[in-house]
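Structure record follows, encoded as structure tokens.
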Amino acid sequence: MILEKDVVVVGAGPAGLAAAIEAAKAGAAVLLVDLNLKAGGQLFKQIHKFFGSRAHYSGTRGYDIGKKLVKEATESQVEIWLQSTAVGVFPGNKVSIERILQNGGKKLYTVHGKTIILATGASENVVRFKGWTRPGVMGAGAAQTMVNVDHVKPGQKIVMLGSGNVGLIVSYQLMQAGCDVVALVEAAPKIGGYAVHAAKIRRAGVPIFTKHTIVEALGDAEGKVSGAVIAEVDEKFQPIPGTEQTIPCDTITLAAGLKPVVELTRLMNCASAFEPVLGGFIPMHNQDMETSVQGIFVAGDATGVEEASVALEEGRIAGVAAAQALGLLSQEDAESQKQFYWNRVNSLRSGPFGEKRLAAKQDVLQCYQEQIHTPQPEVMIGGLASGAD
Amino acid sequence: MIYDVTVIGAGAIGTSVAYHLCQKGFSVALIDHGDIANGSSSHCDAVALISDKAPGLDTQMGYASIQHYGELAKTFSYDFEYDRKGCLYVCETEEEYAAASAYAKRQASDGYDMHMVDAQTLQEMEPFLAKDLLGGIWTPGDIAVCPYKVCFAFVEEGKKQGLQVYPYTHISRIRLSADHAVEAVETDRGDILTKRVINCAGVWAPDVGRLVGLEIPIQPRKGMNLISEPTERIVWHKVMEFGYMMSKFESINFRRNVSPLVEEYNVAFNIEYTKADNILLGGYRGFRGFDVRSELEAMQAIAERGIRFYPCLKEINCIRSYAGVRPYVKDHLPIVSAVDTIPGFYIAAGHEGDGICLSPITGKLMAQLVAGEPTDFDIQKLSFSRFANAQQTA
């Protein structure tokens, strides 16, 4: 049996929640699915206060924003399925969802969405070195989930690779949880993230190794991480022989950036673009956050890795545009709402980091205009064609 | 330099043709618009069988190709996962069993190692098969190979003999001389001067043909398979339903007792294990243009048909499905041929679901054709001119 919904939103992070709320407020029947136990995505592990303006929840901690959004979604009659994984999207706007039931069993549902909003977020990049698959090597985001959401320490002595904001913030949070960050390793000549985060790490006395990388994860008798071999790198980021030193540790965390999760847009044959600043391949979209395929919208990190506040605004735009496509909002009303949120997005894309992202996003919008122009209806696959036989 | 031969298409056919030409001492360039094994040869299943061939030339070529695979597996340093697993065609009804017996008898009388096994033997060979099956055809010599590794193996072995490979190279024009002979292939990476061109572009062969004004009647036919999670061994051979013949040779008209969904998607059960302990479950074929998106209903139909033959599949998770396009020719015969009107232009394409099986023999035949030697088989039936004749008589 196929369930019918006006809007199916995949991913209940900030983008998906915001999209679901906007579409539901306009009167759409919305199903929001997420594979996790809780809605809110990465917001629930962000225990720090947000920067920026009041409109972007400045001074509020990430998990409080998450709670607020979940409450708003529930009040707007959004149907939320948790522990529900979108395992595929198929011709004819069908989303297959594997849902874990109360009794622990699994059931596969097929939901037809008149529109679909894909807000699947991003996944962590890995760095490969000798021993990188040992137990104890993990993404910095995974370590952050362990301490902030599950309240479990990933280990005691941590070597962090990468000094972008994620590397800095997670290092600090690991220390708050009682871990020792014994080294922060960065291949570039200087720290990548915001000075305010770096200062906290410095004040805590964490040894910082710039122009260094990890060349090997050493293991104990059981194979678990027992140390990190680090080495200095040359201008081409190649390890310089003879500069190796060993740092005893039980955990190595990798903060090497994120890449958009684009499997579902690829399954729908949505056109994509390559934007290194935004994390790699991303689905091309227009000002409505609509992809090259009519009725398929995207929002948040899945369209390029940025910040939670940007994801929120993009989600709202996608939600409004989907409601407009369904005829639930007048054009005038929809356009003015979208413009309002676009102004907020653009205000977030300022400063040295934001400007690069702004330029990359403008490039995506322009390429869309030139190559796709208007979203194309999905070609439905019908019964067996008889032409050839 | 001027190459003796430029091969267009680096799939199972093109790489084999290129390798066999190098063996004969020709200088060869191999071009593809993508990577090696970028198209159908990485979106198919893994077997090379004679038990799915019509008696006669089809079987002869299949058999010769499978024997050739065995020799290549011994001599190549590149491992392409040659596995002589044998094939079982299983029968559901008395009617099927009778037809299968007649088919096996005919093939055996031609000298091929193929015979019927009864229900009990079937259960001993494949204990997880449904208990109600009547028996089947056993062909011990049928094999499996890793299709994309076959392509890489031919390329790596060809390079040892001077093969030049140009991946991600787009052809804009095939330049002909004043007397209409092949002169050069113009690409976005420069001109490749060549005495001959062999069009091995499979489903894309018509695009290449159009560059020299030929209409090559090949159409993309979609094929789709499911992949399971790694499991304990539940299948030991290639196992297929005899009804598969029906989807392959439409002239054989069996009525199967199947659900409307299975009927609509023309699903023919076939199963095999992989080296990584996954199960590959097929299959469906249909005409969808170049759209290779997975279809939910087709997936359900494949699973349904699979569970009918292997009830324990119900307990195993499907982790992925994939589809590819097969180069379909209406008379189900490939084109392995020179083109009379364009000196130096050849076609080796249109193998539909048999490209992996026929790859070695096609390469060998094409090399013989180019060298002006007698071919191992009379390949008049595979000539491109058969279509011109058909059009004239129509």
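Just so you know, all these numbers are worked out from the coordinates, no wet-lab data involved. Everything numeric here is computed off the predicted structure, so don't read it as measured data. Here Cβ is always computed from backbone atoms with ideal geometry, including for glycine, and neighbour counts include all displayed protein chains.
Annotations
- On Cα atoms only, tilt of B:147-159 relative to the major axis of chain B in degrees: 30 degrees
- Rounded to 5, percent antiparallel among DSSP beta bridges of the protein assembly as shown: 60 percent
- Exposure proxy ranking, count of Cβ atoms within 10 Å, fewest first, for A:Phe353, B:Phe242, A:Phe209, B:Phe290: B:Phe290, A:Phe353, A:Phe209, B:Phe242
- Pairwise centroid distance, computed over Cα atoms, of the range B:152-231 with the range B:40-100, Å: 25 Å
- Cα-based helix-to-principal-axis angle, A:351-371 vs chain A, degrees rounded to 10: 40 degrees
- For the range B:104-112, 3J(HN,Hα) computed residue by residue from phi via the Karplus equation (6.51, -1.76, 1.60; θ = phi - 60°) reads 5, 5, 4, 5, 5, 5, 7, x, 8 Hz, glycine and proline entered as x.
- Chain B - percent relative contact order, Cα under 8 Å, separation 6 or more: 23 percent
- Distance violations [Cα-Cα > 20 Å] among A:Lys25/A:Lys114; A:Lys38/A:Lys157; A:Lys67/A:Lys356: A:Lys38/A:Lys157; A:Lys67/A:Lys356
- A Cα-only calculation for the protein assembly as shown places Rg and Dmax at 29.8, 89 Å.
- Amide H contacts under 5 Å for B:Gly283, placed H, 5+ residues apart: B:Ala268, B:Phe269, B:Asn270
- Selected from A:Ala20, A:Ala177, A:Ala221 as most flexible by GNM, with chain A as the system and alpha-carbon contacts under 10 Å: A:Ala221
- Between B:Asp79, B:Asp142, B:Asp52, the GNM of chain B built on Cα springs shorter than 10 angstrom shows B:Asp79 fluctuating the most.
- Euclidean distance between Cα centres, the range A:356-371 to the range A:283-333, Å: 15 Å
- For chain B, the average shadow cast by the Cα convex hull is 19.3 nm², which is a quarter of the hull's surface.
- Helical content alone sets the calculated 222 nm signal of chain A at -9500 deg cm²/dmol, taking -39,500 (n - 2.57) per DSSP H segment of four or more residues and averaging over every residue.
- Relative to the longest principal axis of the Cα atoms of chain B, the long axis of helix B:296-309 lies at roughly 50 degrees.
- Aspartates and glutamates with Cα under 20 Å of B:Lys105, excluding same-chain neighbours fewer than 8 positions away: B:Asp52, B:Asp58, B:Glu92, B:Glu94, B:Glu95, B:Glu96, B:Asp113, B:Asp118, B:Asp142, B:Glu241
- Positive-end residue, the protein assembly as shown charge dipole about Cα centroid, Cβ charges, pick of B:Ile218, B:Phe152, B:Val267: B:Phe152
- Whole-percent P(r), the range A:40-110, all Cα pairs, 10 Å bins from 0: 18, 31, 31, 17, 3.
- Each 10 Å bin, from zero up to the one with the longest distance, holds this percent of the alpha carbon pairs of the range A:247-346: 15, 41, 27, 10, 5, 2, 0.
- Within the range A:27-143, DSSP assigns beta bridges of which about 80% are antiparallel (rounded to the nearest 5).
- Look at B:Asp4, B:Asp179, B:Asp113 and count the other Cβ atoms within 10 Å of each Cβ; fewest to most, that gives B:Asp179, B:Asp113, B:Asp4.
- By the count of neighbouring beta-carbon atoms within 10 Å, fewest first, B:His351, A:His373, A:His285, B:His43 end up ordered A:His373, B:His43, B:His351, A:His285.
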